[in-house]
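Working notes for the structure below.
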Amino acid sequence: SSACSSASIAAMAAALLALLLLPATTALYAPPTSVRRPSRLQDALTEGNKCYMAGDLAGAKKAYEAGAAAGSVDCRVNLASVCLDSGDEGAAEHLYREALAEAFHLDAAQNLAGVLQARGGYESTREASLLLRDVVRADATRWDAWANLGSALADAGAPKLDAIKCFQRGITRAEAVERDPGTPAELVEGIRRSLGEVYYGLGACLADLNSAQRFEAYGDGEVLLTARDENVNLYDGSQADADAAVAETAANALRAALELKGGDFPLAQHALDALATREGAAAPDRASPAFVRALFDDFAPTFDDQLQNVLQYKAPELIAAKCAERGPYAAAFDAGCGTGLLGPPLRDSVGRLVGADLSQNMVDKARELGCYDSLLVGDLLDAALYDEAFDLVAAADVLCYFGDLAAILERWHGALAPGGDCVFSCERAPGDTWVLGASGRYAHAVDYVRATASNAGFSVVSAEDIVPRVENGNDVPGTLYVLSKS
């Protein structure tokens, strides 16, 4: 089902995170003119580069292959880039690794890290972070390597301050290149396009810090913070001023991301909304569909690995077990099915199984499982999704993207046949209402859900405390609800 931790919000992209993966500015190796090489190797490299820049991948490949066969590591690295551009990721990875086996090569290391980050998954992302650490140690001017290292560290669950420092170093170095009068206009434009993603990564990581981490950041001279107003003394050591400085720095970064994207950046807007609620602003009553779609379209390739191996995600099996107790059901609707994590454990308890999600990429992944009779793409509030009567509506970790539950519970009540069940999980909040947390996820008080369900026409069968997943090593409190349509 569609779920994302605050750790993944911090990098989103995903996870990280393909969204934050920036193209290396040195995809092709051009040797300094002062370096002398045998003419055959130099000619192959020069010809390959000429063809590549002209868009002639076949010509570039032929030239680089000749140079690589003659022993040119630089031609081998560039041949890998051609393979990557041609869609042969396996060949590219093999060539990058061959080059690195002979000696450390900056471009091979940075480009291999890019391949691994795009692939996703904990082990690939961790290896990418190690490669990128070596790149920035060897050449600290590579702003894109710093930015991608920040993304990799955030996605791999490394200390958040390390990721924040990398994002900030990437930004300061990129902006220095951007301000340089000698920088070509096309490179300046490329930097500005990429900086929106980097500022978002920085802002999301800062917004995700807990109280102790904000105080640590406040006292760390390598973390660049701004004051909220002239009354904040950045040197007086108080927790309140640490909170204010980190919050304002996060907000500034997210505003910069929005500005660089021309105001069209749902992920940054949602993170800003979550920050604003901490300052007393009213929270939106649901995450925007554009935010959810953008988040999970980017998150789809690494979604299962992140939830099952990093977050110890248990909501699908808990919901499926409850449905097995109360079933079987003739027809079931998996609301917010995501990549289909609820589908297999639910399959034996239902006859017909329909899944729906906002993200086309997530639905495409769910289709690969072969356990759904039908899969739909759309907003869960859209009546068109519910064109048949169901005996069960199940939703695993979906309502964390809704604050006010009145409309969605009314929609699900209308989709159920008399006697049907609605089984879902929520993150649990104290008090008697709902809140938008710093993670960008909504949590709901049990009394609020009970009252809203009753108003929608449901009978509340049960509300059990559960731990649907962990976050930063801590159990996330949740509730498993069973509602029945009388």
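The values are calculated or read from the model by the stated rules, or taken from the named source; none is laboratory data. All values derive from a computational prediction rather than experimental measurement. All Cβ positions, even for glycine, are placed from backbone atoms using ideal geometry, and neighbour counts span all protein chains on display. In case anyone asks, the SASA skips ligands and DNA or RNA and just uses the protein heavy atoms, side chains included. Shrake-Rupley method; radii C 1.70, N 1.55, O 1.52, S 1.80 Å.
In this structure, is Val449 among the β-branched types (Val, Ile, Thr) and either open to solvent by 40 Å² or more (accessible area, probe 1.4 Å) or part of a strand (DSSP E or B) (or both)? Talk me through it step by step, then tell me what you get.
Details: among the β-branched types (Val, Ile, Thr): yes; either open to solvent by 40 Å² or more (accessible area, probe 1.4 Å) or part of a strand (DSSP E or B) (or both): no.
In short, no.
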Problem - Qualifying residue in region 155-162 (condition: buried (at least 24 other Cβ atoms within 10 Å of the Cβ), modelled with pLDDT under 90 and touching a Ser or Thr at 6+ places or on another chain (Cβ under 8 Å)) - result: yes
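When region 391-404 is examined, which residues are found to be crowded, with 24+ Cβ neighbours inside 10 Å and of a type outside the set (Gly, Ala, Ser)?
We begin by selecting, within region 391-404, every residue crowded, with 24+ Cβ neighbours inside 10 Å; these are 392-401.
Answer for region 391-404, where residues must be crowded, with 24+ Cβ neighbours inside 10 Å and of a type outside the set (Gly, Ala, Ser): Leu392, Val393, Asp397, Val398, Leu399, Cys400, Tyr401.
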Completion exercise
Of Ala332, Ala324, the only residue that is at pLDDT 95 or above and open to solvent by 50 Å² or more (accessible area, probe 1.4 Å) is Ala324
Problem - Selection status of Ser425, small (Gly, Ala, Ser) and either over 26 Å from Ala250 (Cα atoms) or modelled with pLDDT of 95 or more (or both) - result: yes
Exercise for the section: State which residue pairs qualify: first residue over 12 Å from Asp162 (Cβ atoms) and inside region 213-226, second residue in a helix (DSSP H, G or I) and among the acidic types (Asp, Glu) in any location, beta carbons under 7 Å apart, and separation of 6 or more residues or different chains. Expected result: Arg214/Asp243; Thr226/Glu248
Exercise for the section: Might you let me know whether region 464-475 holds any residue that is polar (S, T, N, Q), within 23 Å of Gly327 (Cα to Cα) and either open to solvent by 60 Å² or more (accessible area, probe 1.4 Å) or assigned to a strand (DSSP E or B) (or both)? Expected result: no
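Any residue at all in region 140-150 that is over 18 Å from Ala163 (Cα atoms), open to solvent by 20 Å² or more (accessible area, probe 1.4 Å), out of contact with any strand residue (DSSP E or B) (no Cβ under 6 Å at 6 or more places or on another chain) and of a type in the set (A, V, I, L, M, F, W, C)? Break it down into steps so the answer makes sense when it comes.
Applying the first criterion (over 18 Å from Ala163 (Cα atoms)) to region 140-150 yields none.
No, the conditions are met nowhere in region 140-150.
If I filter region 461-483 for residues that are over 22 Å from Leu342 (Cβ atoms), at pLDDT 90 or above and not charged (D, E, K, R), do I get at least one hit?
No, every residue in region 461-483 fails to be over 22 Å from Leu342 (Cβ atoms), at pLDDT 90 or above and not charged (D, E, K, R).
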Exercise for the section: Would you check if there is a residue in region 51-74 being open to solvent by less than 50 Å² (accessible area, probe 1.4 Å), among the charged types (D, E, K, R) and in contact with a His (Cβ under 9 Å, 6 or more places away or on another chain)? Expected result: yes
Handout entry: Given (1) within 21 Å of Gly221 (Cβ to Cβ); (2) open to solvent by less than 50 Å² (accessible area, probe 1.4 Å), number of the condition Arg137 does not satisfy
Key = (2)
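Residues in region 176-192: is at least one over 30 Å from Gly55 (Cβ atoms), modelled with pLDDT under 90, more than 16 Å from the chain's Cα centre (by Cα) and among the charged types (D, E, K, R)? If you could, list the steps in order and put the result at the bottom.
Residues of region 176-192 that are over 30 Å from Gly55 (Cβ atoms), as a first pass: 176, 179.
Filter once more, keeping what is modelled with pLDDT under 90: 176, 179.
Next, from what is left, pick out any that are more than 16 Å from the chain's Cα centre (by Cα): 176, 179.
Subsequent filtering for residues that are among the charged types (D, E, K, R) retains 179.
Checking region 176-192: at least one residue is over 30 Å from Gly55 (Cβ atoms), modelled with pLDDT under 90, more than 16 Å from the chain's Cα centre (by Cα) and among the charged types (D, E, K, R).
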Problem - Residue identified as surrounded by fewer than 21 Cβ atoms within 10 Å (Cβ to Cβ) and not acidic (Asp, Glu) among Ser484, Ser439 - result: Ser484
